[in-house]
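Novice: Attaching a single structure in structure tokens format; questions to follow.
What follows is calculated from the coordinates using simple rules that are stated; it is not laboratory data. These numbers were taken from a predicted model, which means no experiment stands behind them. Cβ atoms come from the backbone with ideal geometry, glycine included; neighbour counts cover every protein chain shown.
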């Protein structure tokens, strides 16, 4: 599996995201990147689901608060997509929260609004 948990899978996801970014570049809406990334994942035969509800668990009670992870790959990796000027701590906290409440171990935060996508990707391990 490599040095990191699900490293091959996350490498494939990042490759798909890089293809999307190379075709579209920065400056589009997040929804456009999500649609195109879904297309790339399908082309690569990578199992995924979109807009997955993430309930908040408080004292063993699941609360549907309207939180949704953009993409869940193979029930293992959460992908949160952005098209913003810069990633900040609140975006990182969002991914960590989704990981905590989804029981996934790996999260990718991908900001497409950058000149080079390698500068817009953060990987999280819970």
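Conditions (1) surrounded by 12 or more Cβ atoms within 10 Å (Cβ to Cβ); (2) under 18 Å from residue 115 (Cβ atoms), marked per residue:
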residue	(1), (2)
4	yes, no
8	no, no
12	yes, no
27	no, yes
31	no, no
43	no, no
49	yes, no
54	yes, no
61	no, no
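Matching residues to (1) in contact (Cβ under 8 Å) with a residue 60 or more places away in the chain; (2) in a helix (DSSP H, G or I):
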{"residue": "4", "(1), (2)": "yes, no"}
{"residue": "11", "(1), (2)": "no, yes"}
{"residue": "14", "(1), (2)": "yes, yes"}
{"residue": "18", "(1), (2)": "yes, yes"}
{"residue": "23", "(1), (2)": "no, yes"}
{"residue": "26", "(1), (2)": "yes, no"}
{"residue": "41", "(1), (2)": "no, yes"}
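Novice: Considering the stretch 102-117 alone, what residues qualify as being surrounded by fewer than 20 Cβ atoms within 10 Å (Cβ to Cβ) and closer than 16 Å to residue 7 by Cα?
Specialist: 105
Novice: If I go through the stretch 78-95 residue by residue, how many of them are free of Cβ contacts under 8 Å to residues at least 60 places away in the same chain and either surrounded by 14 or more Cβ atoms within 10 Å (Cβ to Cβ) or touching a helix residue (DSSP H, G or I) at 6+ places or on another chain (Cβ under 8 Å) (or both)?
Specialist: Number of matching residues: 11.
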